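Input: a single structure, listed below in structure tokens.
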Amino acid sequence: MSRTAKKKPMIGPKMSLAVTTALASVALAGCSTNAAPLAETSFQKAQVALEKGQVDKAIAHAEAAVLSEPRNSGYRALLGAAYLEAGRFASAATSFSDAIELGDSDPRTVLSYALAEVALGNNAAAVDMLNQWQDEIGGADLGLALALAGETDRGVHILGNAVRAGDESAKVRQNLAYAYALQGNWRAARVMAAEDVPADQLDQRLSDWAESARPEDYQRRVASLLNVAPAADGGQPTHLALANFPSHGMMVAEAAAEIPAEDATMLAYGDVDGEELPAADVPGQFAVAEEYYTPVASAEPASRYVSNEVVQALPAGYVEARPAPVSRVAANSTQRRMAATVDQTEGTHLVQLGSFSSRAGAERAWSIYQKRYSQLSGREAVITEAKVKGKTYYRVAAAGFGAASARAMCSTVKATGKGCFAYAESSPMPGTVASQRRLAAR
């Protein structure tokens, strides 16, 4: 049901997590130029409904957008935001997970997924995802998310380091106070909470925290943080399951598995942008005979971002030091928390676009990729020789990206139904040999 009134939150002033997704910018950036009008219309209607607090309508329109364009990561993220707003944690976790799998590169999507999993009691899944993205999530958000996921000592350590590093925001102080409470260190929680909570409200604040401090109250804690009411949830509708909508590369791989390996490279994709390549050299996810593998997570620091408060208003008279970023989501929605993301690691990551049986085919493919994706303009191509299961391949990648921008590029590529892979230049892909050729940007 649509909620016009919300329960008073029980979390301290400025204690928050940036749990929204980039509902406008990320989703629209992920759309191809020829996206189905129905999908775009439904997406826009879902945003408007969410802004007005019409959660049921937002869900209906977001589901329609996903059904019309099921492999658009932005639409999946918006659907997750609508489910989260409705207190449907199981559905939200699935939708956010799908968005991440499709290439959503916004750390707030990760935080949203983690909170949904915590609300379901799946702390291990939440922590695993947070660990993968820990270099791209601000300490104030990461510390509280880990504390909520059961790793209270680690959360307190991260938040304490943020305070000692000079973060003077009420948000990080109150996040630390709540983490202390979850840790059972009530004395430290009182001292830290008193930095921002008026003395006549302090006892009530600590009492509120104590009411949901038991380990079994995980759903209550998340619902209170987000100011939503948990709802009965059978999960995301099965007809929207991502598995129902395989990518072109997946279908080719499945077909290749059904024929002898020596014939797999003969699967043709057809003409590419009017230029015909040899069957094994046409850009796809990877050459179908090459072994699929899991990326090696990068340990390099990536982008940081600054988030707005999630739930609480500041104490009377408090003046925020920095303005809130502009949001297209209504202020009365818990999904209003937007964040500015700046990629400070440009040049550390590569975006792999394809793998081919010959170097000449790889070089020809690069020129086609440049025509197809304007984001590659001025980028340097890196063609790397690799040996997989005794066969030689030539991988085509674009250089000069940061961790976040590399994933954003892949999100754009995947939105067109093509394959893409982002990885740190310091962590070469399995099978890579020393031979590498760079094509100068032009």
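Quick note: the coordinates plus some simple rules give every number you see, no bench work behind them. Because the structure is a prediction, the values reported are computed rather than measured. All Cβ positions, even for glycine, are placed from backbone atoms using ideal geometry, and neighbour counts span all protein chains on display.
Quick notes on this one:
- For the stretch 376-393, putting each phi into the Karplus relation 6.51 cos²θ - 1.76 cosθ + 1.60 with θ = phi - 60° gives couplings of 8, 4, x, 7, 8, 8, 10, 10, 10, 7, 9, 10, 10, 6, x, 10, 9, 10 Hz, in residue order, rounded to whole numbers and with x for Gly and Pro.
- Cut-off under 5 Å, modelled amide H: who pairs with Glu425 long-range: His349, Leu350
- Here's how it looks for Gly419: its modeled amide H is under 5 Å from those of Gln285, which are all 5 or more places away or on a different chain.
- Pairs from the table (Lys391/Lys418; Lys391/Lys414; Lys52/Lys418; Lys52/Lys414; Lys387/Lys418) lying more than 28 angstrom apart at Cα are Lys52/Lys418; Lys52/Lys414.
- Per-residue Karplus couplings for the stretch 58-66, computed as 6.51 cos²θ - 1.76 cosθ + 1.60 with θ equal to phi - 60°, are listed in order as 4, 5, 4, 6, 5, 5, 5, 5, 5 Hz, Gly and Pro entered as x.
- For the Cα trace of the stretch 25-226, dividing Rg by the Kirkwood Rh returns an Rg/Rh value of 1.03.
- With contacts taken as Cα pairs under 8 Å at a separation of at least 6 residues, the stretch 25-226 carries a relative contact order of 13 percent.
- In Hz, Karplus ³J(HN,Hα) per residue of the stretch 229-246 (6.51, -1.76, 1.60; θ = phi - 60°; x = Gly, Pro): 9, x, 10, 4, 8, x, x, 4, x, 4, 6, 9, 3, 4, 4, 6, 10, x
- Counting neighbouring beta carbons within 10 Å and listing from fewest to most, the residues Lys414, Lys45, Lys389, Lys52 come out as Lys389, Lys52, Lys45, Lys414.
- Cβ crowding within 10 Å ranks Asp203, Asp98, Asp196 as Asp203, Asp196, Asp98, fewest other Cβ atoms first.
- Neighbour-count ranking [beta-carbon atoms within 10 angstrom, fewest first] of Met129, Met429: Met429, Met129
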